[in-house]
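J.: Below are the structure tokens for one structure; questions will follow.
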Amino acid sequence: MEDGLFETPGAAARTGGGSLNANTHASAPLAVRMRPRTLDELVGQAQLRAPGSPLRRLVEGDQSMSLLLWGPPGTGKTTIASIVSQQTDRRFVEVSAVSAGVKEVRAAIDSARAELVATGRETVLFVDEVHRFSKAQQDGLLPGVENRWVTLIAATTENPFFSVISPLLSRSLLLRLESLTDDDVRAVLDQAISDERGLGGSVKVEDEALEHLVRLAGGDARRSLTYLEAAAGAASSQGLDTVDLSTAETAVDRAAVRYDRQGDQHYDVVSAFIKSVRGSDADAALHYLARMIEAGEDPRFIARRLMILASEDIGLADSTALATAVAAAQTVQLIGMPEAQLTLAHATIALAVAPKSNAVTTAIGAAIADVRAGKIGQVPPHLRDAHYAGAKKLGHGSTYKYSHDEPFGVAEQQYAPDVVLDREYYQPTSLGAEASIKERWERVRRIIRGK
């Protein structure tokens, strides 16, 4: 096979992330051995497994339908492709978007077409991380999808409305996968401990150790099984038949952090993190950031909170804060953990030491309060759209002053409706860069209002 292209000769075999059967060799990774074989074995994603759901109709009705699976890592995207292949007895081919090019995509589709003509057997073409494909590579998938030479199942962790070309998106059924809950991950681990395909009851796992593995998994079933396998291996190497907390910690090289991702401590730690950044205590903020990272908190969640804080608590006192937070969020998406912890620390420190202002927050809050109170009013006639036929007869735009033609680029004229004409929503502080903005805005406001 070419680089980046993996094929299984039958629906029962598996190579490079493809289909799996009961004959998978014992030395295969635990996550491979425990891959669900049917929709009913799939943990989580109840909305996709429900009777009459599109995915169940595809599998049980043996329909030809291309799928686009969108969700976080470890939520079952590869598993669903494998299940479709096995339960519909289709040939399974995987193309890696990380290493494959247009040549490999065309080779996979040509092979599927030849198989269909020769034997009548259809092919499931699984493209993992399809968002990494260029537009040309994604275009290369279209003939196979349009002519139904393949049942395309493409997986992505990125928003497909931004990362997948429209023609491919419109020809595929989009299924959204949700992050697994801690209960879901716990069920996956319990099954792997007892199932003959997994550890077969050869070791016991203490409750504290199990909860530690659940926390570190961060909703990723594959990661949880990898950690479990490492912990079980560590116990066996020491002649132990039980995995305790110490063994689990050592095996995954992490400290057990007392932090419940879905309980009170989750909200307490996040709250303390945000309040420490707002309070300009970079050291405390880094402490809480470290606790969240070590507990397996979703780094995208942390990045989102920093973006909100950049506008809520810093605003125009340092407008670069928002750019820093957005860059951090983009970097988290592009490189992932553990490297992204450096970016999160960078953004956390930058936002903590930045001057603070909540003027943006109070401004939009006051404006929204007026709107909700019914203070709407008519748009002044000179600001109304004057481009359509008959607008001039209505007086729209006739007295509008073009700001660029006025001294200092500011025109004296009414912009707000009468009902809020004298409202002053934005009240800049004298902190950081907002001090100079405050001085200029007060001059501009006087010119606009003729005061």
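The values are calculated or read from the model by the stated rules, or taken from the named source; none is laboratory data. As the structure is a computational prediction, the values presented were derived from the model and not from experiment. Note that we place each Cβ from the backbone using ideal geometry, even for glycine, and neighbour counts take in every protein chain shown.
J.: From the list ALA234, ALA187, ALA154, which residue is out of contact with any His (no Cβ under 6 Å at 6 or more places or on another chain) and more than 23 Å from ILE80 (Cα to Cα)?
T.: Matching residue, one of ALA234, ALA187, ALA154: ALA234.
J.: Taking the range 206-246, which residues are over 27 Å from LYS77 (Cβ atoms) and among the hydrophobic types (A, V, I, L, M, F, W, C)?
T.: ALA209, ALA234, ALA235, LEU240, VAL243, LEU245
J.: Within the group VAL127, VAL105, VAL98, VAL117, which residue is more than 12 Å from ALA154 (Cα to Cα), assigned by TED's automatic domain parsing to the domain that holds LEU169 and outside any helix (DSSP H, G or I)?
T.: After ruling out the rest, the residue left standing is VAL98.
J.: Have a look at ALA350, ALA317 and point out the one that is crowded, with 16+ Cβ neighbours inside 10 Å, closer than 30 Å to LEU421 by Cβ and either of a type outside the set (A, V, I, L, M) or modelled with pLDDT of 90 or more (or both).
T.: ALA317
J.: Determine which member of the set LEU30, LEU55, LEU69 is under 17 Å from LEU173 (Cα atoms), hydrophobic (A, V, I, L, M, F, W, C) and modelled with pLDDT of 85 or more.
T.: Among LEU30, LEU55, LEU69, only LEU69 is under 17 Å from LEU173 (Cα atoms), hydrophobic (A, V, I, L, M, F, W, C) and modelled with pLDDT of 85 or more.
J.: Would you mind stating whether ALA367 is within 14 Å of ALA416 (Cα to Cα) and among the small types (Gly, Ala, Ser)?
T.: Yes: the conditions hold for ALA367.
J.: A follow-up question, please. Take the residues of the range 228-246 that are without any contact (Cβ under 8 Å) to a residue 24 or more places away in the chain and within 36 Å of the chain's Cα centre (by Cα): which is surrounded by the fewest Cβ atoms within 10 Å (Cβ to Cβ)?
T.: SER246
J.: Among the residues of the range 144-160 satisfying the criterion of being within 14 Å of GLU129 (Cα to Cα) and of a type in the set (A, V, I, L, M, F, W, C), which is nearest to the chain's Cα centre (by Cα)?
T.: ALA155
J.: Consider the range 114-151. How many of its residues are of a type outside the set (Phe, Trp, Tyr) and within 19 Å of SER85 (Cβ to Cβ)?
T.: Going through the range 114-151 one residue at a time, the tally reaches 21.
J.: Looking at (1) surrounded by fewer than 18 Cβ atoms within 10 Å (Cβ to Cβ); (2) more than 18 Å from THR79 (Cβ to Cβ); (3) touching a residue at least 12 places away in the same chain (Cβ under 8 Å), which is the one condition that is false for LEU173?
T.: For LEU173, the exception is condition (2).
J.: With (1) at pLDDT 80 or above; (2) out of contact with any helix residue (DSSP H, G or I) (no Cβ under 6 Å at 6 or more places or on another chain) as the list, and HIS266 as the residue in question, which single condition is left unmet?
T.: In the conditions (1) at pLDDT 80 or above; (2) out of contact with any helix residue (DSSP H, G or I) (no Cβ under 6 Å at 6 or more places or on another chain), HIS266 misses (1) alone.
J.: Out of the range 415-432, which residues are in contact with a Leu (Cβ under 8 Å, 6 or more places away or on another chain) and either among the basic types (Lys, Arg) or at pLDDT below 85 (or both)?
T.: The one that is in contact with a Leu (Cβ under 8 Å, 6 or more places away or on another chain) and either among the basic types (Lys, Arg) or at pLDDT below 85 (or both): TYR415.
Residue-by-condition table, conditions (1) surrounded by fewer than 20 Cβ atoms within 10 Å (Cβ to Cβ); (2) of a type in the set (A, V, I, L, M); (3) free of Cβ contacts under 8 Å to residues at least 24 places away in the same chain:
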{"residue": "SER111", "(1), (2), (3)": "yes, no, no"}
{"residue": "GLY144", "(1), (2), (3)": "no, no, no"}
{"residue": "PRO167", "(1), (2), (3)": "yes, no, no"}
{"residue": "LEU189", "(1), (2), (3)": "no, yes, no"}
{"residue": "ALA209", "(1), (2), (3)": "no, yes, no"}
